[in-house]
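A short write-up of the structure that comes next.
Bear in mind that the values in this text are calculations on the coordinates, not laboratory data. The model shown is predicted, which means the values in this text are computed figures rather than measured ones. No Cβ is skipped: glycine too gets one built from the backbone with ideal geometry, and neighbour counts run over all protein chains shown.
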Amino acid sequence: MFGRKQVAILVAEFLGTGALALVMLSVQHSTIGLPYFVALLAGLTLAVMIIVVGRGGAGHFNPAVTIGMWTIRQIKTAPAVAYIVAQMLGAWAAYYLYTYFVRTKLTTTGGHYDAHILVAEAVGAVVLALAWGAAVYNKYWSAKSAATIGAAYVLAIVVASSAGIGIVNPAVALSMRAFDVFGSMGWGTYVLGPVLGAIVGFNLYALLFSPEGHLAGVKAVVDTFGRGTTSKPAAVTVAASKPATTRRRTTTRRRTTRRAR
């Protein structure tokens, strides 16, 4: 059953993704539609939307980010699916709103599979996921989190644009007509690339850079293979040493009392 908070999170994902897609569409099809301008305004929009509507919930605005967060167990399966649906609907709505403004339909831009675009989108998503992982695991406050993620998205788009359009967001790619939901266009580049990159980036940060307290799952895997178990016996040894120390102190007191007598 959905409560007020759950509905607010889904609406935030819808609005945030829609706003991001609308801004990127507007800039890309304007006279300053260079990748660097698109990247700067996309990063600024993402940061603003995280602060405005992303504080009470996830604030992903990107299916690749949601899937990456799901792989490191920061979000459960059912909410992750709901987030992705809301994100895709928001991007779809942004496309129809933009075409209403410009009074024309957009032509497809994704084309067929290209390994160069796939790798570029994946590398850009790794950059974004590492920054997002830092914000999540280190519990950045709202403004710092938004600034970190927004700046990382700028870098991600700049990197990805070296081989393709530079989107690093499957939902926004849908609004830009870079891939077709019911066809084969763009699935292997503007969808698979960001998803793979986000999975690699989030898990890399969780394994290597996250605080030790967030690695319970990793420790469990390590313990399964017979490593990292020395800490438990050490704890037992320390616990066992306390009674021994107490006994020595008690014995010393008794001897002192007897000598006094």
**OP:** May I ask you to list the trypsin sites (Lys or Arg not before Pro) in region 2-90 that are in a DSSP loop and have at most 15 other Cβ atoms within 10 Å of their Cβ?
**Re:** ARG55, ARG73, LYS76
Original post:
Which whole-Hz ³J(HN,Hα) couplings does region 63-73 yield from phi under the Karplus relation 6.51 cos²θ - 1.76 cosθ + 1.60, θ = phi - 60°, glycine and proline marked x?
Top reply: x, 5, 5, 4, 5, x, 5, 5, 5, 9, 6
Subject >> Added length on full extension, which subtracts the Cα-Cα distance from 0.36 nm per residue, VAL7 to VAL181 >> reply: 60.1 nm
Original post:
Peptides 164-176, 86-98: what's the order by average Cβ count within 10 Å, highest mean first?
Top reply: 164-176, 86-98
Original post:
What is the sum of charges around GLY164, taking Lys and Arg as +1, Asp and Glu as -1, for the other residues whose C-beta is under 11 Å from the C-beta of GLY164?
Top reply: -2
Subject >> Highest-first arrangement of 202-208, 48-54, where packing means the average Cβ count within 10 Å >> reply: 48-54, 202-208
Original post:
Using the Karplus equation 6.51 cos²θ - 1.76 cosθ + 1.60 (θ = phi - 60°), what ³J(HN,Hα) coupling, rounded to whole Hz, does each residue of region 131-142 give in order, writing x for Gly and Pro?
Top reply: 5, 5, x, 4, 5, 6, 6, 8, 6, 5, 5, 3
